[in-house]
Amino acid sequence: MRCLVTGATGFLGTNVVHQCVAAGHRVKAMGLPGSETRFIEDMADEVVEGDVTVIDDVRAATRGMDVVIHVAGDTSFWKKRFKRQREINVEGPRNVAEACLENGVKRLVHTATVDVLGYNPDGLADETWANFNYAGIGYNYAETKREGERVVLSYNGKGLEVVSVLPGSMLGQYDHTLQFGRLFMDIRDKKVPAILPGGAPWAHVREVARAHVAALTRGVPGERYICGGLNETYKTLFHAIASSINADPPGYVMKPWMTIGYGYLMEFLANFTRKQPELNPGQARYMSVFPRYDSNKAEKELGFRVVSLKEMVNDARDWYREQGYL
């Protein structure tokens, strides 16, 4: 099939392009002007520049496509970017869905996040979990992604098939934006004084990308699929990273109140540095809990594979080393 991948120059998007090509699809890759294309330019049939908040860009990109995988999103947690984040995470999906309808695209696979569900403090959450307990804590990413998913799913059955994929945190190859690469380097250089108090679901980015591609043909229209992977604490992750690079892990786990206080301090200092803070209060609150998710549905219906933490950490480490980052 002819498949457009938005956000194709990002971490997940690059992996989706590779998996689309591996599955035999012809890919048009769309990324923001000036974004990194060297990891996809030999894979995609065509690489185009465009902004999902600009409807004319999306109309042009979707023209002639059979299916679309909409990966583009803004993960920022800086207040100064919140307006732009809402435009990308809410209006972007609306533009993509509208353009799909206009251009006769048959199916749209949308990248959401497990964060749109909230979390179950007493155990696992699945796709039916309805208590969005991140509301009002300042975690703008989750709130905007939740709204964007609702928007795009509202188009299902109205001339368009929509499937939503909900990844957790991801590790693996093509992390050229260094979402986790900085953590590897900072642990190596002993720049991490303490470990965050919470935890998260961890998935190999390759397997999340494969699930997106599988959703093009195997996903049920209107359904959501959690690709969370392993539910592990940040302590377990930090120790696994340290072991993979023969470094000592930080020895102290921060208390939630300390993490949140640090978020306030970083947000305050950002007013003077004019740079995105390492952490803000909303992100600190989010990283102080341990959300756990059930990926069973994606495993059964999309072939999503849960891999060991060691495998995904080692694959990420090897790629950083190959690229000269580590």
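The values are calculated or read from the model by the stated rules, or taken from the named source; none is laboratory data. Predicted, not measured: the structure shown is a model, and the values here were computed from it. Backbone-built Cβ (ideal geometry, glycine too); neighbour counts: all protein chains shown.
Numbers for the structure displayed
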| quantity | calculated |
| --- | --- |
| Helices (runs of 4 or more DSSP H) wholly inside region 1-120 that include at least 3 residues being in contact with a strand residue (DSSP E or B) (Cβ under 7 Å, 6 or more places away or on another chain) and of a type in the set (Val, Ile, Thr) | 11-22 |
| Candidate set from region 118-127 (those that are of a type outside the set (Phe, Trp, Tyr) and touching a Lys or Arg at 6+ places or on another chain (Cβ under 8 Å)); member that is farthest from Val152 (Cα to Cα) | Gly123 |
| Residue in region 209-226 that is more than 19 Å from the chain's Cα centre (by Cα), within 25 Å of Gly24 (Cα to Cα), in a loop (DSSP other than H, G, I, E, B) and of a type in the set (D, E, K, R) present | yes |
| Subset of region 179-226 (residues that are closer than 22 Å to Val71 by Cβ, of a type in the set (D, E, K, R) and touching a residue at least 24 places away in the same chain (Cβ under 8 Å)) | Arg206, Glu207, Arg210, Arg218, Glu223, Arg224 |
| Single residue of region 135-168 satisfying the filter (without any contact (Cβ under 8 Å) to a residue 40 or more places away in the chain and closer than 27 Å to Val306 by Cα) that is surrounded by the most Cβ atoms within 10 Å (Cβ to Cβ) | Glu143 |
| Breaking point among (1) hydrophobic (A, V, I, L, M, F, W, C); (2) modelled with pLDDT of 95 or more; (3) touching a Leu at 6+ places or on another chain (Cβ under 8 Å), for Phe180 | (2) |
| Hits in region 67-123 (condition: of a type in the set (Ser, Thr, Tyr) and at pLDDT below 95) | Thr75, Ser76 |
| Answer from Gly118, Gly92, Gly123 - the residue that is crowded, with 22+ Cβ neighbours inside 10 Å and not aliphatic (A, V, I, L, M) | Gly92 |
| Filter pass, Ala200 being hydrophobic (A, V, I, L, M, F, W, C), at pLDDT 95 or above, assigned to a strand (DSSP E or B) and within 21 Å of Lys145 (Cα to Cα) | yes |
| Residue match in region 152-159 (condition: closer than 20 Å to Glu299 by Cα and either modelled with pLDDT under 95 or among the β-branched types (Val, Ile, Thr) (or both)) | no |
| Qualifying positions in region 258-286 - within 22 Å of Arg84 (Cβ to Cβ), in a helix (DSSP H, G or I), in contact (Cβ under 8 Å) with a residue 12 or more places away in the chain and of a type in the set (A, V, I, L, M) | Met266, Ala270, Ala284 |
| Residue in region 32-39 that is buried (at least 23 other Cβ atoms within 10 Å of the Cβ), closer than 21 Å to Arg63 by Cα and either touching a helix residue (DSSP H, G or I) at 6+ places or on another chain (Cβ under 6 Å) or not charged (D, E, K, R) (or both) present | no |
| Ala130, sole failed condition from (1) surrounded by fewer than 18 Cβ atoms within 10 Å (Cβ to Cβ); (2) within 20 Å of the chain's Cα centre (by Cα) | (2) |
